[in-house]
Structures are given as C-alpha cells and as structure tokens.
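Some notes on the structure that comes next.
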Amino acid sequence: MTVTDLPRVHAPLPAAPIQPLLPVVGADLRAPLAAGGDARYVNLDYAASAPALRAVADHVAEILPTYASVHRGAGYASQLSTQRYEDARASVARFVGARPDDVVVFTRNTTDALNLLAGCVPDGGEVVVLDLEHHANLLPWQRGPHRVVEAAPTLAQTLSRLQVELARRPAALLAVTGASNVTGEQLPLGALAGLAHRNGARIAVDAAQLAPHRRIDIVAGELDYVAFSGHKLYAPFGAGVLVGRRDWLDAAPPYLAGGGAVREVTTTATQWAPAPARHEGGSPNVIGAAALAAACEAVAALPEGCVEVHESALRRRLLAGLDRIEGVRTLRLWPDSASAVGVVAFTVDGYAARQVAEYLSEEHAIGVRDGRFCAHPLLARLGVDDGALRASFGLGSTSADVDRLLGAIERLVTEGTTRAYAVGADRPCD
C-alpha cells in the first residue's frame, strides 16, 4: 500500500499551519518504508546539506548551455561564464554586506575557506577559538600557534573568559562560529568583534550555520572575515566562500599554486596575482559560484525578519513537543543565550542515536542527523560522547514536518521499534 501520511500518536500542537517560505527541490520526494509502501520524505537534516532552492536549480539549468572556462577565453560562452563568475562574486559581497575593498574568494566549502584563511594569518600570529566549534573552525588552527578557550556555563561568563584570555596575551585572530551546528544557539558577533578589536585581534566567523538563517552584515558587525558553504545555503553545487580584508590575503602564499593565480611565470620564479585570483588556482567552479549567488539573491529578496519568524515558530513547536515526551532531553549550551537558528539536538533514553535515526528513516520516512556532528569536544562537554540526534529545518520546512517527527518519537517511546537496529559508531563528518 501507499501511505500518504503516517499517523500521529499525540494530538497536533495548537498553532496555525506553518508553510514553506520558498520552494525547494525534492519537496515531493517519497521514501520506502520497512513495513511496505512509502511515505512523503520529511527532510529534517538541513544543517548537513540543505536542498536546492527551485530558483537555484532553474538558474543552473538555464546557464549550463553556455558553460565554459572562465578568465581564459575570447569565445562567446567563455565570456558569458566569466561575467557570471564575477557577477556571482559581487552578489555574495552584497549578501554579507561586505566593505568595498573586501575580497571574495570562492572555495569548495567552509572547511576549505577556513583552511585558506589559516594559511594567511601572519607568521607567529596566534588564533583563539572556543572549544564548542565545528571541526572546520578548530582543526585548521591547530597547525599554527593557537589557544582553545573552554566555554563557561553561561554565555555572559564565556564572553568574560574570552576578554580575559585576549587581554592576557596578544592574538592575531579570534575565530568563532556564528551559530552552533549542534544546538543552533547564536553567538553575539557584535560583542565578540568588539572584544577582538579592543585587544588588537581580528575576528573570523564560521557562518556555515548562520548564513542560511540570518542576515549577515560585515560592515555593521565590524567583522573581518566570514566563511560559509553553498551546500548549506540551498546551493548544493560544490562552492563555498571566504569574504574579508585584503591585506592578509594578498600577503599570504597562494592557497593552490597553479594557473590563474599568477601574473608571470618563468622556470625559476613566479609573480603571483593579488587576491582573489591568488587563491583560486586552476579552473574555478563557475556553476557552483553561480548557484551560490542565486541562492544568496533569493534569500536576500525575502522580507526582513521573515526567515527568523518562520524558523522560530518551527523551533518552538519542536521544543514544546519534545518536552512533552518522557525520556527525551534537548541539548543546550547556555541558559542565557537568547537567539537560535533552526537546529535542535536531543537524545532519547534507552536508545543510541544511530538506532533512533535509522528507526525514523525506515519506519517513518524522516531524515535527521545522528552522531557527534563534527564537534567532538562540544558533545563531550554536553555529556553525550556517544552522540545525539539533530533535527534541522529551513525555508522548505513546515509544521507538518515537525509534527511527523514528534509523532514518530512518541511512538518510539511508547511502543518501541518493529525491528532491531544496529548500534554503530559515529558517522563520518558532514
């Protein structure tokens, strides 16, 4: 049989239905069920990779017939592709409120962007990070001078601890997440930028989880560097970006030595181009850049504040529902954090995270993330070394999606599973 919608164990939470803000590809996907038949797939794993916006997919289909190499051809298709690539750079700059002299470097993803920036920190410059970071904003700094600051029990105490640490010894850079990929809690970037600058440091923001959910303004926030990924911003075509001040980027060795990054080459010496070309060696991902720009433009065109309103309603609905289910614990960094994006992590007593995730997929056609979310130190701090579950949502999510998850979790707690699921190790990182 075909299941059009799975039954809910609990009554729906009282609230008006919440509809998608923008259409996404795959919204009508159906997934097979272990008991037979299929059901509409509920994607609650936006924080890993968000589905493509329909507008992004349409834009990619439109430009593919004229796809060609950029910056190195006089032909019509090459000229069009070059123009689209540079237009994409300008779109991304507008999306994050960049300064006129900021550089936009296209990369593969946030990890790639932060590794690039790690190679640009002046020699001997120390980088300060918190212990709650995604590995993308933790591991690149371990190759050079760095300090890891342990987050305090409250956000206010954590800011005070950073102030003390930055004042104690000079640092070149404070690298922080804009929003936790585990709990969704936002960090106060304006306050953190002030802390860094008052103590002679710059600030870099891992905005992988922030950019899809909240407006970023480099100028207003006094941010020095911002990195994010297209695949989390509804543009899963393999592009990321680093945006920020030119001086470090121009002074650093090229991230990739190769064609396009040079001005002149002999067999004994090379004159490197300034950024961004300096760090974009090889043929760039013009389709990925164009897709990322299209996503930025679509998200930026939404009314101010509507994404936060949409996600906050979904988040409240999910947290309220999980709170009603015996044995479910939601994870949180600080009791005094005021804002969060559409990410909620939780555990279910008596079940390993992998078991629950596989149960949700195979018996209810619901996709969530399980494991340690590429944030092992943070999961250890939260007391869930063996991993947790993460539900995340975005522009294509609805209240029906949240209700499906709540119904499935309540059924698990009250009735158990219909089959055995293996307890496995942590999945590979995002």
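Output the residues belonging to the range 167-190 that are touching a helix residue (DSSP H, G or I) at 6+ places or on another chain (Cβ under 6 Å) and part of a helix (DSSP H, G or I). Within the range 167-190, L189, G190 qualify. Consider A345 carefully, then state whether it is modelled with pLDDT under 95, outside any helix (DSSP H, G or I), small (G, A, S) and assigned by TED's automatic domain parsing to the domain that holds L406. No.
Looking only at residues that are part of a helix (DSSP H, G or I) and under 14 Å from S180 (Cα atoms) in the range 348-391, which one is farthest from the chain's Cα centre (by Cα)? Looking at the filtered set, the residue picked out is R381.
In a residue-by-residue description of the range 406-423, the property of being touching a His at 6+ places or on another chain (Cβ under 6 Å), closer than 28 Å to V25 by Cβ, modelled with pLDDT of 95 or more and not assigned by TED's automatic domain parsing to the domain that holds P140 applies to at least one position.
Looking at the structure I just gave you, is A156 touching a Phe, Trp or Tyr at 6+ places or on another chain (Cβ under 8 Å) and at pLDDT 95 or above? Considered against the rule, which asks whether it is touching a Phe, Trp or Tyr at 6+ places or on another chain (Cβ under 8 Å) and at pLDDT 95 or above, A156 comes out as no. Considering only the range 242-249, I want to know if a residue exists there that is assigned by TED's automatic domain parsing to the domain that holds V105 and in a loop (DSSP other than H, G, I, E, B). Looking through the range 242-249, at least one residue is assigned by TED's automatic domain parsing to the domain that holds V105 and in a loop (DSSP other than H, G, I, E, B). Scanning the range 71-104 for residues that are touching an Asp or Glu at 6+ places or on another chain (Cβ under 8 Å) and in a loop (DSSP other than H, G, I, E, B) yields V96, G97. Evaluated against (1) modelled with pLDDT of 95 or more; (2) over 25 Å from G394 (Cα atoms), P32 falls short on exactly one condition, (2). Within the range 180-221, restricting attention to residues that are in contact with a strand residue (DSSP E or B) (Cβ under 8 Å, 6 or more places away or on another chain) and of a type in the set (D, E, K, R), the residue that is nearest to R168 (Cα to Cα) is R202. Could you say whether any residue in the range 105-123 is farther than 27 Å from S283 by Cα, β-branched (V, I, T) and part of a strand (DSSP E or B)? No, every residue in the range 105-123 fails to be farther than 27 Å from S283 by Cα, β-branched (V, I, T) and part of a strand (DSSP E or B).
If you check T418, T398, which single one turns out to be closer than 28 Å to V309 by Cα and surrounded by fewer than 19 Cβ atoms within 10 Å (Cβ to Cβ)? From the options T418, T398, the qualifying one is T398.
The values are calculated or read from the model by the stated rules, or taken from the named source; none is laboratory data. Fair warning: this is a prediction, and the values are worked out from it, not measured in the lab. Neighbour counts run over all protein chains shown; Cβ positions are idealised from the backbone, glycine included.
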